[in-house]
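Notes for the one structure printed next.
The values are calculated or read from the model by the stated rules, or taken from the named source; none is laboratory data. The shown structure was predicted, so the numbers you read here are calculated from the model rather than taken from an experiment. Please note: Cβ atoms are built from the backbone with ideal geometry, for glycine as well, and neighbour counts cover all protein chains shown. Remember, those area values only see protein heavy atoms, side chains included, never the ligands or the DNA or RNA. Shrake-Rupley method; radii C 1.70, N 1.55, O 1.52, S 1.80 Å.
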Amino acid sequence: MTATHESAVESAIASAEPQPAPGATPPRRPLAARSAAELVGTAALVAVVIGSGIQATELTRDVGVQLLANSLATVFGLGVLILLLGPVSGAHFNPVVTLAEWWTGRRGGAGVTIREAAVYVPAQIVGAIAGAILADAMFGEPLVEWSTHDRSAGHLLLGEVVATAGLILLIFGLARTDQLRFAPVAVASYIGAAYWFTSSTSFANPAVTIGRTFSDTFAGIAPGSVAGFIGMQLIGGVVGLALVALIFVPGRDAAE
């Protein structure tokens with residue numbers, strides 16, 4: 001058989017095989033791979049947040065410059081992590097995002113299942129704790145030292161509601177308008193801005209909040225402040241989904 005005939009046969013076999021429909025969702029990666037991506041991504045994010053905070057305080061005593069350095073490092077680090085791991089797990093790195101995706105897709109739509117959410121959330125929390133310990137180790141800090149930064153004031157809690165609601169509105173608004181390809185830049189930019197326009201410096205993430213209790217450094221949060229922050233983040237998630245439903249209403253045909 002000549003090379004031409006072999007090529008023709010291969011083409012015929014390939015055309016006879018079932019092909020995915022145009023625009024179909026590609027096969028999902030194994031849950032183990034996705035949960036590993038969530039664990040590693042959240043660990044890296046917390047290491048960036050805490051590590052840059054430690055570095056900033058060692059370089060300057062100006063709190064404004066410290067916050068600038070911390071926010072810039074977080075913006076760049078988060079953008080890279082979303083770009084790298086988004087195709088694997090969706091790059092949630094955040095239990096509120098995971099739960100919001102489960103809620104919006106619970107009736108058979110796209111999104112994580114309750115079983116997948118039950119794997120993602122612990123992976124994110126473990127990753128956040130590991131990231132905090134890693135950051136402490138890199139800078140010669142005690143591996144586990146509970147933070148003494150009290151963040152229980154009411155205006156800080158309000159800041160967490162605003163920060164988390166805005167994050168959920170952004171992510172699911174991008175999804176509703178088919179613009180998730182811009183998520184690495186958009187989400188990182190939002191978090192960078194929220195560092196400055198919210199009183200809480202935008203934790204907006206229960207896993208990251210838990211992880212940051214393990215480091216008594218610039219980016220830490222006292223264990224006694226965690227419950228309030230997480231409660232407000234969950235409320236912010238609900239507010240964000242309500243805003244998505246209100247603003248991004250599906251369009252109607254002109255004939256209707």
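Which one of VAL126, THR104, PHE93 has its Cα pushed farthest toward the positive end of the charge dipole of the stretch 83-145, where Lys and Arg give +1 and Asp and Glu give -1 at the Cβ?
THR104
If one takes the longest principal axis of the Cα atoms in the chain, at what angle in degrees, from 0 to 90 and to the nearest 10, does the Cα axis of helix 95-104 lie?
Roughly 40 degrees, rounded to the nearest 10.
Keeping the other protein chains in place, figure out the carbon and sulfur percent of the accessible area of the chain, with a 1.4 Å probe.
Percent of accessible area from carbon and sulfur atoms in the chain: 68.
Quick one: Karplus J couplings for the stretch 35-46, per residue in order, coefficients 6.51, -1.76, 1.60, θ = phi - 60°, nearest Hz, x for Gly and Pro?
Those phi angles translate into 5, 5, 5, 5, 5, 5, x, 5, 4, 5, 4, 5 Hz.
Which whole-number percent is the relative contact order of the stretch 20-101 (Cα, under 8 Å, 6+ apart)?
Normalised by residue count, the contact order of the stretch 20-101 is 39 percent.
Give the accessible surface of the stretch 169-239 per residue, rounded to a whole number of Å², with probe radius 1.4 Å and ligands, DNA and RNA excluded.
With the other protein chains kept in place, the stretch 169-239 gives 38 Å² per residue.
From the helices alone, meaning DSSP H stretches of at least four residues, give me the mean residue ellipticity at 222 nm for the chain, per-run term -39500 (n - 2.57), in deg cm²/dmol to the nearest 500.
On the way: 9 runs with 174 residues, N = 256.
Taking each H run of at least 4 residues, the total per residue is -23500 deg cm²/dmol.
So which trypsin sites (Lys or Arg not before Pro) in the stretch 170-256 pass both tests, a DSSP loop state and at most 16 other Cβ atoms within 10 Å of the Cβ?
Answer in residue order: ARG252.
By how many degrees, 0 to 90 and rounded to 10, does the Cα axis of helix 3-16 deviate from the longest principal axis of the chain?
Helix 3-16 sits roughly 70 degrees off the main axis of the chain.
Relative to the Cα centre, what is the charge dipole magnitude of the stretch 138-229, using +1 at the beta carbon of each Lys and Arg, -1 at the beta carbon of each Asp and Glu, and rounding to the nearest 20 debye?
On the way: 4 positive and 6 negative charges, 69 e Å.
The dipole magnitude comes to about 340 debye.
Taking Cα pairs under 8 Å and at least six residues apart, what relative contact order does the chain come out at, in percent?
Rounded, it is 25 percent for the chain.
Rounded to the nearest 0.05, what FRET efficiency do GLN179 and LEU243 have when you use their Cβ-Cβ distance and R0 = 22 Å?
0.85
Sorted from largest to smallest, which semi-axis lengths in Å does the alpha carbon gyration tensor of the chain give for its equivalent ellipsoid, taking the root of 5 times each eigenvalue?
Computed over the chain, the values are 38, 23, 16 Å.
Any idea what the dipole of the chain comes to, in debye rounded to 20, about its Cα centre with Lys/Arg Cβ at +1 and Asp/Glu Cβ at -1? Each step should come with its number before you reach the end.
Values: 12 positive and 17 negative charges, 92 e Å.
The calculation lands at about 440 debye.
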